[in-house]
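The values are calculated or read from the model by the stated rules, or taken from the named source; none is laboratory data. Model, not experiment: these values are computed from the prediction. Quick reminder, even Gly has a Cβ in these numbers, built from the backbone with ideal geometry, and neighbours come from all protein chains shown.
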Amino acid sequence: MSHYEPLKIEEKWQAIWEKEKPFAAKDDDKRPKKFVAEMFPYPSGAGLHVGHVRNFSIVDCVARFYAQNDFNVLRPFGYDTFGLPAENYAIKTGTAPQDVTLVNIENFRKQAKRLGYAIDWSREINTSDPKYYKWTQWCFLQLFKKGLAYQAESYQWWCPVDQTVLANEQVENGHCWRCGCEVEKKKMKQWFFKITAYADELLDEIDSLDWPDKIKTMQKNWIGRSEGAEVKFKIKDSKEEITVFTTRPDTLYGATFMVLAPEHPMISKIMTEDVRKKVKQYCDDAIKKSEIERQENKEKTGVFTGAYAINPLTKKEIPIWVSDYVLMGYGTGAIMAVPAHDERDFAFAEKFDLPIVKVIEKPEDSDDDSKCYHDEGTLVNSESFNGMNSAEAREKIVEWLEKEKIGQKKVTYRMRDWLISRQRYWGCPIPIAYDKNGNPHAIPEDQLPVMLPKVDDYKPDKSGRSALAKCEDFLKVTIDGEEMTRETDTLDGYACSSWYLWRYTDPHNDKEAWGKDKVNYWAPTDVYVGADHAVAHLLYVRFWCKFFADEGYLNFREPVKKLLYNGYINAPDGKKMSKSKGNVIDPLDVINQGYGADTLRTYELFIGPYDQKANWNTSAIGGVYRFLNRCWSLAFETKYNKEDKNKVIRNRTIKKVTDYMYSNGYNTAVAAMMEFVNELYKEGANKEDVDVLARMLKPFAPHLACEMLEKLGAKDDLWPSYDESALFAEEVEVVVQVNGKLRARVNVPAEDAEDKEKLEAAAKSDEKIKQILSDHSEIKTIVIPRTHLVNIVVKQ
RNA sequence: GCCCAAGUGGCGGAAUUGGUAUACGCGGCGGACUUAAAAUCCGCUUCCCUUACCGGAUUAUGAGUUCGAGUCUCAUCUUGGGCACCA
């Protein structure tokens, strides 16, 4: 060979890895373990994207680095295959999603192998494989048995294009996360997972996670805990009561009216005959409106029900209104309005001319100049509570409410339960059947999996049911001798991905979802890498982890120790790559152009900090190729030095690169190796220089590194260690400043570097410094910090 | 509107606890090799003044703390992200 030929080298090593399977994880190893994984991909027909390559290459870098540091490493791979793209493709072309999926997986696997990832291929999983989804159904049944999977009828997000309901987490600013269309509200009976049962723990444990703050904040906001009180209000001339939620019980004396959400069930019971038509019209209109429309129009609208509630403290009658600024899904769907101290209530009161009573005195030092003061202060107009501050009054008023049995402390969450039914074919069937009375029954575990039948027509029908509703054979089932009808909805794909990390630890188990010994050995996942799903998947997987820990199937309560959230790769112009814009870079094209996988992988790690977005730069990849070419030349073309000229820089480089690997500074790790190689080009390299280089290169460019190590006759690939004593040269450069400005550099022997007197003498003896000092009469002080720096401060 | 993060050359970006700002790469310029080109190798490349030396300025802007500030404090501007009628 006369020059670096990446494609040849890569083919050679990939064949060796295929045969020898060096990345197979051992379940019975005594060494400490590391479990690293990416968020498994959806295998689209388009194949791997450069975004996948960045994501997988980070995982590979972590996994190989740990392996080289003698950890027992599990680095699996899998495919998240249920979902709409395959189904929509099936509707368009008539091809079964089962078949398309297998073709796409095959393609993904082939491409991932071309990138040389250190994957344990014996553990591949596919969520649409009945051997896998059997256990997804089992998971559902465990939740069902404990009452954490339940049915409820209410208004749900409905995507009119995809013809299915969506979870709150899948609605972004009123738009469907997948197709981008405006979502609608539809009243339906649906299945939910009771994630709110774990709201407190999900919130409280966020702080202990080694996750990016960005994600932690998003999850905290999403859960949105607020502490307050529920208060029952009697309705005038009626036996009915309405409960409101408030975080400000201290303002109860200022509650001058009440507002209900248009969906509130009490409206029809309390409204008076004269306004019945008007109220009904308002509610119907509001419910029909999209959430976008409801939010766009901040101008308050509303209608009076004709009914009055009694303020439990003032005993005054307060009018009950309906307005769409009150949301049915939060709190109780009813509020006590305190216009003097809440901006929304204030706007409503002004518009409809409702009374405003001040009950909190604004402190004198407050710079709040809005018309209604919404912070805390001293109570006024509140009878026996006057003079108390807000915090104290809150306690006392809630105490009084509890004594009178008309209220209590209450914690409310912004997060709602997780809606998991989907009216689509290509998903995991929900293992439920209904008896004649419509009561749900679990499919017995010994009848799992409930197989997803092959059908000819994948379209959901107009009634809002999946294609399974047309499948007679599928529908009929007998449980305990009773004929029942199967559920035709399928599970949200996020259910399938809520437990896959544990399946990786025991992927072929046909007796249980995972073996306890294996899962507790490998999991929790030490490093998890992804670029998406901040509040959906990453919240759901935490929820299931806590549930299965409570059930005794796991001995840990958080599934992911360290989360790396990598940035996207955009087109050179900074825009998102997309087929329609024609700006997609195909990683296989880059490899086949002659750059090879090693260059592509190293480039994507060098392009910038892993957690920032980056724009593809077609010419910058050439620089990385040149670097690897130089590494190759050092090993194969250069005559090695006999003496050890590069001891200091070699040891410094090992230290730098090792530190960067631990702090995920992959771009700077590559830069440090480049610097080292440039130096070796100047000075010539000895065998040890090249050996160290190859070992450090391995997580980035494994094929080339193996080729180099083979040439050197290395016995192992262990990560190199450095010699503390070899980090400093015989002479050190000392920077001399005058009044903080760099004026000279002087060299002193290394042993003098800590000696302040010698440093000062060396600095003063420099010709240029002498010159400057002769122009100034007086030296005020000389500062010599620990570093190699002398700062002479003179009188100006 | 509220909360958070970040602003460094022509570009992507480096810079341990406050201690040589601009590492590394791209792009650009010059040179070697070559009949020529590609590839490869070597050198220069923050800005201003200068043939060069010397010098001066510079980490969004303005102030402050310090012997010394990209890094700390305050204010302003800009960008990105999150939340947003959540009572």
In the stretch A:571-584, residue surrounded by the fewest Cβ atoms within 10 Å (Cβ to Cβ) [restricted to those that are within 15 Å of RNA strand B (Cβ to nearest atom) and at negative phi]:
A:D573
Scanning the stretch A:685-713 residue by residue, the ones that are under 32 Å from the mean Cα position of the chain (by Cα) and assigned to a loop (DSSP other than H, G, I, E, B) total 4
In the stretch A:614-651, residue surrounded by the fewest Cβ atoms within 10 Å (Cβ to Cβ) [restricted to those that are outside any helix (DSSP H, G or I) and within 7 Å of RNA strand B (Cβ to nearest atom)]:
A:S619
Hey, among the residues in the stretch A:321-348 that are in a loop (DSSP other than H, G, I, E, B) and acidic (D, E), which one's surrounded by the most Cβ atoms within 10 Å (Cβ to Cβ)?
A:D324
In the stretch A:225-242, which residues are under 26 Å from A:L203 (Cα atoms) and either of a type in the set (V, I, T) or surrounded by 14 or more Cβ atoms within 10 Å (Cβ to Cβ) (or both)?
A:R225, A:S226, A:G228, A:A229, A:E230, A:V231
Can you work out which of the residues in the stretch A:203-218 that are in contact with a strand residue (DSSP E or B) (Cβ under 8 Å, 6 or more places away or on another chain) and of a type in the set (A, V, I, L, M) is surrounded by the most Cβ atoms within 10 Å (Cβ to Cβ)?
A:I215
Every residue in the stretch A:293-343 that is without any contact (Cβ under 8 Å) to a residue 60 or more places away in the chain and of a type in the set (G, A, S), please.
A:G302, A:G306
Please work out if A:K239 is without any contact (Cβ under 8 Å) to a residue 40 or more places away in the chain and touching a Leu at 6+ places or on another chain (Cβ under 7 Å).
no
A:D589 being of a type in the set (D, E, K, R), outside any loop (DSSP other than H, G, I, E, B) and surrounded by 21 or more Cβ atoms within 10 Å (Cβ to Cβ):
no
Starting from the stretch A:723-742, keep only residues that are closer than 18 Å to A:K647 by Cα, then list their pairs with residues that are in a helix (DSSP H, G or I) and within 11 Å of RNA strand B (Cβ to nearest atom) whose Cβ atoms are within a distance under 7 Å, requiring at least 6 positions of separation or different chains.
A:L727/A:R652; A:L727/A:K655
Determine whether A:D506 is in a loop (DSSP other than H, G, I, E, B), out of contact with any helix residue (DSSP H, G or I) (no Cβ under 8 Å at 6 or more places or on another chain) and closer than 18 Å to A:A37 by Cβ.
no
Only one of (1) surrounded by fewer than 17 Cβ atoms within 10 Å (Cβ to Cβ); (2) under 18 Å from the mean Cα position of the chain (by Cα); (3) not β-branched (V, I, T) does not apply to A:D200, and that is (2)
Given the conditions (1) surrounded by fewer than 19 Cβ atoms within 10 Å (Cβ to Cβ); (2) more than 26 Å from the chain's Cα centre (by Cα); (3) not in a loop (DSSP other than H, G, I, E, B), which single one is not true for A:K518?
(2)
Among the candidates A:E679, A:E604, residue that is in a helix (DSSP H, G or I) and over 26 Å from A:Q14 (Cα atoms)
A:E679
Lone qualifier among A:D752, A:D716 - being more than 13 Å from RNA strand B (Cβ to nearest atom), modelled with pLDDT of 85 or more and either among the acidic types (D, E) or more than 30 Å from A:K698 (Cβ to Cβ) (or both)
A:D716
In the stretch A:444-469, which residue that is assigned to a helix (DSSP H, G or I) and either without any contact (Cβ under 8 Å) to a residue 60 or more places away in the chain or β-branched (V, I, T) (or both) is surrounded by the fewest Cβ atoms within 10 Å (Cβ to Cβ)?
A:D446
Considering A:E361, A:E376, which residue is touching a strand residue (DSSP E or B) at 6+ places or on another chain (Cβ under 8 Å), closer than 12 Å to A:P249 by Cα and at pLDDT below 90?
A:E376
